[in-house]
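The values are calculated or read from the model by the stated rules, or taken from the named source; none is laboratory data. All values derive from a computational prediction rather than experimental measurement. As a convention, Cβ positions derive from the backbone with ideal geometry for all residues, glycine included, and neighbour counts pool all protein chains shown. Keep in mind that these areas ignore ligands, DNA and RNA; they rest on the heavy atoms of the full protein, side chains included. Shrake-Rupley method; radii C 1.70, N 1.55, O 1.52, S 1.80 Å.
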Amino acid sequence: MLLSRYLHLHKSKGRRADSVLDRSAYILLSRIRVEGPMSIGQLCDAFGLDTSTLNRQTAAAMRAGLVERIPDPDGGLARKFRITDEGTRRLDQERSGTVASLDRIMADWSDEDIAAFAGHLRRFNSDIERLHGMPWPRPRAARH
């Protein structure tokens, strides 16, 4: 509850004051970055959202220059969305801002405390994903 309150007090409309992405764009770009180009159907399956919601989110991301539609690299019929250089830049900038906020919260924590917290949070998230049958792919380095 306190973490939510902290984030709420330091955000405007669900975003940090220096945010460069809204929450849906951040999640969309994060998933495409990890999995590579994805079709609307794959995004719907990954997020458990309906097609109209993903069409709105991907259209907004395309207008902002964050993603582009490309032919399926594997030769499938469906076109896929790929993150652009601008999308990568803004995703990295947003992630850096989030990390800086967490660094302020945990400024006095030991490396061991941070590692333990990260491990428990990873386990908590993985268990939620397991219960919903929708695991989130993670980059190799983040799995260790």
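Heavy-atom accessible surface of His132, to the nearest 10 Å², is about 140 Å², with a 1.4 Å probe and all protein chains retained. How much FRET efficiency would the formula 1/(1 + (r/R0)^6) give for Met134 and Ser110, where r is the Cβ-Cβ distance and R0 is 30 Å, rounded to 0.05? It comes to 0.35.
In the complete set of protein chains, residue-level accessible area for Glu112 is approximately 130 Å², probe 1.4 angstrom.
Taking the empirical scaling 2.2 N^0.38 Å for compact globular proteins as reference, segment 24-144 has a Cα radius of gyration ratio of 1.21. For the set Ser96, Ser39, Ser126, solvent exposure ranked by accessible area (probe 1.4 Å, protein chains only) runs largest to smallest as Ser96, Ser126, Ser39. Given a 1.4 Å probe and the protein chains as shown, Phe47 ends up with an accessible area of around 40 Å².
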